[in-house]
Each structure stands twice: as C-alpha cells, then as structure tokens.
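S.K.: Right, I'll just put the structure down here and ask away after.
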Amino acid sequence: MSRRTMHRTHAMLGSTTAADGLAALGLLASPWTLVRGDAIERYERAFAARLGARHAISCSAARIGLYGLLGCLDVGAGDEVMLQVPTHAVVVNAIRYRGATPVFVDCEPRTANIDLDAAERLLTPRTRVLLLQHTFGVPADLDRARALAERHDLVVLEDAVHSLGSRFRGVPIGRFGRAAFFSTEESKTMSTSMGGMVVTDDDELADDLRRAQAEWPWPSGREVARYLVKYVAYGVLLEPRVHHVSRLVYERSGGRHPFVRPSSAVERRGDRPKDYERRLANAQARLGLRALAHLDANVAHRRRIAAIYAARLPHGGGLGAGDERMEASHVRFPVVVRDRQEALDALAPHVRGDVWFDQTVQAATDVERFGYVPGSCPVAEHLAAHLVNLPTHPHVRDVDATLLAEVLAPHVVTADG
C-alpha cells in the first residue's frame, strides 16, 4: 500500500467536523443567545432520552458533575472515594475539593479498568463511593462491580467521560450506578467544546443536583464566544487536508495557541480555581443537540475503525477485546507497545500520536501532591509507560486505519508486556 494515501491527522481530534464548525460560527452571529436560553433544557431532555435515563443535569465540565454529586451525597471529610489509576487530575481534584480522600486502585492489564479484587482489599469502614471509570470507552466489569458494591454498601458512580455510546449487556453505560457523569469536551465522542452532563434515575438526587446547578454562576458571554471560536477552529483548521499547515504554524509558535484549554494550570497543580463551578451555556447546548443527532453514526464509525485495527494488529491490538458483554464506543484505540517513542516515531509521518495516559494521574504536575504513592499501582504505571493511541474520529478513513495498523504492528506487545 502506498504510504502517501493518508492525510496527516491528529490522534486527539474529536468528533467536530467542518460543518460543525460552520454551525458554531452561525451561533456567534446571535450573541444575545450565547449564555441563556431554552436550548439547555431541551439538550438535557434529549441527553436523558438518549440514555433512557429519568434525569440529565448539565454543567460546565464533567468534573463539576462529579463535584456536585459528591456534595449531594454528603461525601466529604473522613470519607474515602475509591477510584482507579490511570485517571485524570481533574477527577481526583473533585474528590479532594470536597475534603474526601481518594483511594487509588490499580487497573487490570487487559482493560485498563479498575482491578476489583485489588479494590476489595483496599476497602475500609470509611469507603463510601466506588467510582468506575470506563477507560477509553471500554466498559468496566459492571456485573462484578455491582456485586462488590452491594456486599459493602457502596455508592457506585460511573466515570463515563470516555464512554458515551458504549454499552454493557446491551444497556448504555451510565445506567448502572446511582449516577454517571459524561464529558463533552473537544476530544470525546461528541463535543460542545467544553461541557459535562450528569444522568441519574434517582429523583431526589436529581432534585438536589438541580438546586446546586441553580446556584452555579453562568459563564460570561466572552467565555462562551471563546469556546465557539475554538469549536470553529477545531472543525475547520484540523480537517486533514489543512491540518498539516495549521500544525506547522502551531509547532513553530512554540505550541502556543489562543484557545481555552480543558484544564487550567491551577488544576494541574491540585489547587482549586476561583471560578470552579459553572453552568453550561445555551450556545453549547445547541451544539450538543446537533452532536446528539449524529452520535449513532459517529460511534458506528469509531467501531468500524477499531475493528480494522483489531483485525490487523497482533494480539487483537487494543484493550478489552474479546468480552462479548461489552460494546465500546472507542473514543480512542489504545495499543500497548514495546517502546513508546519508537512507536510514535514510526507513526509520525502519518499521524501525530498522543497518549492517554502517560502517568497515573494524568496532567498532574506532581502525582504525590494528589495523594498517589509511586510504585503502589504497578500495572497502571506499566501501561502509562507503554500505551499509544490510534485515532478513531470521523476524519479517519478505513484506508488510514489499515495503514496505521500496518505501521504500528511491529511495535505491539501483549497488554501485560
């Protein structure tokens, strides 16, 4: 196959297309509807309906959904929240900001999801919450997780930020715990530029969370406009045919760009931002309604691309393969390689590779400040050193996936090394 068949693309690209970017540009022409409007309620109803849930409550980011849930559940000082590594710093922060203690649990080598045997060994009388991350969109073992929670009277919350569109035993992820929180940040299976959503069937919990939502401040019109400008840019400038030019400009500028970043330097240090809690804006909800309409096609595309990788890579390629209970949304396709830098160098002519995750607490400037003890979760640390991610987003064609699998195949090892 000719190695010239692929437009050089970016592994981190989300689901935003040029048409989406143009739609966002149209929203900028109506500044009086950017912040408040009826699209928010319509988007929440549509999101709940998409999952078959009774309630959906929007927020500025998934981390705010988790923070709000912990507050409504009275989880705080003296309580423990059990979560896996690898995870992201902003998830740990939501627990820490409530005064609760994050208890880090190692992951399984073949799924990168929580090791439930290890979790059970770490339980104490102070453990209140079992936080289940569906890593890369691969569902956790929800049969075993719910059994564990029932034995020890734990609240199950689903960290579904990677997994909108995933299913377990045919049921959408987000329907298995007391509540779940989703991300619609730019790199996920659907994007509102930034944003989050909580879903639950618990009427009382939903009422409490809506009362909390009513107290969160609105973003400013200027901030929403910045989100929309970023959405336009990601939709247009990151199209494969122009991405090589925009990427060159970005690299020659020293990696600087004017767009809002998903997490702040303050959060990456573990400190709390002054403007932490905020609501989702009306313009973002309108983007969400548009993205929901295309979600099924988006996920179907990702599954097709993932199937090509799995068929052409040694050992089935990605994590979580072979379990018929699980239908992953494949926000990315993670592959374990012998030497990460060698693998990224091999991919470099075709795709700018990125890594979820390259440390146990992703984006943390100092993992120990977040409470993680180096050496305590060896499987997660091994994966954090050996994972690369292949793109599944709508810009990737079948021929691209075939090429990337061909290039990466010599570097692939089994999940346990």
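The values are calculated or read from the model by the stated rules, or taken from the named source; none is laboratory data. Computed from a prediction, not measured in an experiment: that's the story for all the values here. Because the Cβ atoms are built from the backbone with ideal geometry, glycine has one as well, and the counts that use them run over all protein chains shown. For accessibility, only protein heavy atoms count, side chains too; no ligands or nucleic acids. Shrake-Rupley method; radii C 1.70, N 1.55, O 1.52, S 1.80 Å.
Per-residue answers, yes or no, for (1) under 28 Å from GLY221 (Cα atoms); (2) of a type outside the set (A, V, I, L, M); (3) in contact with a strand residue (DSSP E or B) (Cβ under 8 Å, 6 or more places away or on another chain); (4) part of a helix (DSSP H, G or I):
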| position | (1), (2), (3), (4) |
| --- | --- |
| ALA19 | yes, no, no, yes |
| ALA23 | yes, no, no, yes |
| TRP32 | yes, yes, no, yes |
| ILE40 | yes, no, yes, yes |
| PHE47 | yes, yes, yes, yes |
| ALA53 | no, no, yes, no |
| ILE64 | yes, no, yes, yes |
| VAL90 | yes, no, no, yes |
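S.K.: Kindly indicate the residue of the range 173-195 that is of a type in the set (Ser, Thr, Tyr), part of a loop (DSSP other than H, G, I, E, B) and touching a Gly at 6+ places or on another chain (Cβ under 9 Å) and also farthest from ARG332 (Cα to Cα) among those meeting that condition. Talk me through it step by step, then tell me what you get.
M.R.: To start, the set of residues in the range 173-195 that are of a type in the set (Ser, Thr, Tyr) comprises 183-184, 187, 189, 191-193.
Of the ones still in play, those that are also part of a loop (DSSP other than H, G, I, E, B) are 184, 187, 189, 191-193.
Adding the requirement that they be touching a Gly at 6+ places or on another chain (Cβ under 9 Å) leaves 184, 187, 189, 191-192.
Numbers: THR184: 15, SER187: 9, THR189: 9, SER191: 15, THR192: 18 Å.
Going through the qualifying residues, I end up with THR192.
S.K.: Quick one: would you say ALA119 is modelled with pLDDT of 95 or more, more than 19 Å from VAL199 (Cβ to Cβ), open to solvent by less than 10 Å² (accessible area, probe 1.4 Å) and part of a helix (DSSP H, G or I)?
M.R.: Yes; evaluated as a whole, the condition is true for this residue.
S.K.: Something else now. Of all residues in the range 233-290 being at pLDDT below 65 and hydroxyl-bearing (Ser, Thr, Tyr), which is farthest from the chain's Cα centre (by Cα)?
M.R.: Start the filter on the range 233-290 by keeping residues that are at pLDDT below 65, which leaves 237-259.
Subset that is hydroxyl-bearing (Ser, Thr, Tyr): 246, 250, 253.
Values: SER246: 24, TYR250: 24, SER253: 28 Å.
If we take residues in the range 233-290 being at pLDDT below 65 and hydroxyl-bearing (Ser, Thr, Tyr), then SER253 is farthest from the chain's Cα centre (by Cα).
Let's see how each residue does on (1) under 26 Å from GLY318 (Cβ atoms); (2) more than 19 Å from the chain's Cα centre (by Cα):
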position: SER58; (1), (2): no, no
position: ALA61; (1), (2): no, no
position: ALA77; (1), (2): no, yes
position: HIS88; (1), (2): yes, no
position: ARG98; (1), (2): no, yes
position: ASN113; (1), (2): yes, no
position: ALA119; (1), (2): yes, yes
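S.K.: Now, a different point. Mind checking whether some residue in the range 212-235 is touching a residue at least 24 places away in the same chain (Cβ under 8 Å) and closer than 19 Å to ALA48 by Cα?
M.R.: yes
S.K.: Regarding PHE136, is this residue aromatic (Phe, Trp, Tyr) and either more than 23 Å from the chain's Cα centre (by Cα) or in a helix (DSSP H, G or I) (or both)?
M.R.: yes
S.K.: Turning to a different aspect of this structure: Could you list, in sequence order, all residues of the range 162-176 that are among the small types (Gly, Ala, Ser) and in contact with a helix residue (DSSP H, G or I) (Cβ under 9 Å, 6 or more places away or on another chain)?
M.R.: Restricting attention to the range 162-176, the residues satisfying the condition of being among the small types (Gly, Ala, Ser) are 163, 165-166, 170, 174.
Of everything in the range 162-176, those that are among the small types (Gly, Ala, Ser) and in contact with a helix residue (DSSP H, G or I) (Cβ under 9 Å, 6 or more places away or on another chain) turn out to be SER163, GLY165, SER166, GLY174.
S.K.: Counting only residues that are within 19 Å of the chain's Cα centre (by Cα) and surrounded by fewer than 21 Cβ atoms within 10 Å (Cβ to Cβ), which one in the range 299-326 is farthest from TYR43 (Cα to Cα)? Don't jump to the end; show me each part of the working.
M.R.: We begin by selecting, within the range 299-326, every residue within 19 Å of the chain's Cα centre (by Cα); these are 299-303, 305-306, 318-320, 326.
Subset that is surrounded by fewer than 21 Cβ atoms within 10 Å (Cβ to Cβ): 300-301, 303.
Values: ALA300: 22, HIS301: 23, ARG303: 25 Å.
The residue in question is ARG303.
S.K.: Keeping to the range 363-409, report how many residues are within 16 Å of LEU83 (Cα to Cα) and open to solvent by 50 Å² or more (accessible area, probe 1.4 Å).
M.R.: Matching residues across the range 363-409 total 6.
S.K.: Within the range 273-298, track down each residue that is in a helix (DSSP H, G or I) and open to solvent by 50 Å² or more (accessible area, probe 1.4 Å).
M.R.: Within the range 273-298, ARG286, ARG290, ALA293, ASP296, ALA297 qualify.
S.K.: Which condition number in (1) closer than 30 Å to GLY318 by Cα; (2) modelled with pLDDT of 95 or more; (3) under 18 Å from the mean Cα position of the chain (by Cα) is the one that LEU13 fails?
M.R.: All conditions are met except number (2).
S.K.: I'd like to verify a number: residues in the range 170-190 that are closer than 19 Å to ASP201 by Cα and not small (Gly, Ala, Ser), how many?
M.R.: First pass over the range 170-190, keeping only residues closer than 19 Å to ASP201 by Cα: 170-183.
Within this subset, residues satisfying the condition of being not small (Gly, Ala, Ser) are 171-173, 175-176, 178, 181-182.
Going through the range 170-190 one residue at a time, the tally reaches 8.
S.K.: Ok, one more. Residues being open to solvent by 20 Å² or more (accessible area, probe 1.4 Å), touching a Leu at 6+ places or on another chain (Cβ under 9 Å) and β-branched (Val, Ile, Thr): count how many of those fall in the range 87-110.
M.R.: The qualifying residues number 1.
S.K.: Still on this structure, please answer the following. Identify all residues within the range 74-88 that are under 18 Å from ASP117 (Cα atoms) and either assigned to a loop (DSSP other than H, G, I, E, B) or among the charged types (D, E, K, R) (or both); write none if there are none.
M.R.: Correct list: GLU80, VAL85, PRO86.
S.K.: Which of the residues belonging to the range 173-187 are hydrophobic (A, V, I, L, M, F, W, C) and either open to solvent by 30 Å² or more (accessible area, probe 1.4 Å) or farther than 18 Å from SER15 by Cβ (or both)?
M.R.: Residues satisfying the conditions are PHE176, ALA179, ALA180, PHE181.
S.K.: Among the numbered conditions (1) part of a strand (DSSP E or B); (2) open to solvent by 10 Å² or more (accessible area, probe 1.4 Å), tell me where GLY71 comes up short.
M.R.: (1)
S.K.: Let me ask something else about it. List pairs: first in the range 94-122 and charged (D, E, K, R), second assigned to a helix (DSSP H, G or I) and at pLDDT below 95, Cβ under 8 Å, 6+ apart or cross-chain?
M.R.: Between residues of the range 94-122 that are charged (D, E, K, R) and residues that are assigned to a helix (DSSP H, G or I) and at pLDDT below 95, there is no close pair.
S.K.: Right, another one. Just wondering, is there one or more residues in the range 200-219 that are assigned to a strand (DSSP E or B) and not charged (D, E, K, R)?
M.R.: For the range 200-219, residues assigned to a strand (DSSP E or B) and not charged (D, E, K, R): present.
S.K.: For the range 345-353, state whether one or more residues are open to solvent by less than 70 Å² (accessible area, probe 1.4 Å), free of Cβ contacts under 8 Å to residues at least 24 places away in the same chain and of a type in the set (A, V, I, L, M). Step through it out loud before you land on a result.
M.R.: The first filter runs over the range 345-353 and keeps only residues open to solvent by less than 70 Å² (accessible area, probe 1.4 Å), leaving 346-348, 350-353.
Those left that are additionally free of Cβ contacts under 8 Å to residues at least 24 places away in the same chain: 348.
After this cut, where a residue has to be of a type in the set (A, V, I, L, M) as well, the list is 348.
Yes, there is a match, as at least one residue in the range 345-353 is open to solvent by less than 70 Å² (accessible area, probe 1.4 Å), free of Cβ contacts under 8 Å to residues at least 24 places away in the same chain and of a type in the set (A, V, I, L, M).
S.K.: Here's a follow-up. In the range 157-172, which residue that is in contact with a Gly (Cβ under 9 Å, 6 or more places away or on another chain) and open to solvent by 10 Å² or more (accessible area, probe 1.4 Å) is farthest from ARG325 (Cα to Cα)? Spell out the reasoning first.
M.R.: If we filter the range 157-172 for residues that are in contact with a Gly (Cβ under 9 Å, 6 or more places away or on another chain), which is where we start, we get 157-158, 160-166, 171-172.
So of that shortlist, the ones also open to solvent by 10 Å² or more (accessible area, probe 1.4 Å) come out as 161-162, 165, 171-172.
Details: VAL161: 20, HIS162: 18, GLY165: 14, VAL171: 10, PRO172: 12 Å.
Filtering first and then ranking leaves VAL161.
S.K.: Can you confirm whether MET6 is touching a helix residue (DSSP H, G or I) at 6+ places or on another chain (Cβ under 6 Å), at pLDDT below 90, farther than 16 Å from LEU228 by Cβ and aliphatic (A, V, I, L, M)?
M.R.: Numbers: touching a helix residue (DSSP H, G or I) at 6+ places or on another chain (Cβ under 6 Å): yes; at pLDDT below 90: yes; farther than 16 Å from LEU228 by Cβ: yes; aliphatic (A, V, I, L, M): yes.
Considered against the rule, which asks whether it is touching a helix residue (DSSP H, G or I) at 6+ places or on another chain (Cβ under 6 Å), at pLDDT below 90, farther than 16 Å from LEU228 by Cβ and aliphatic (A, V, I, L, M), MET6 comes out as yes.
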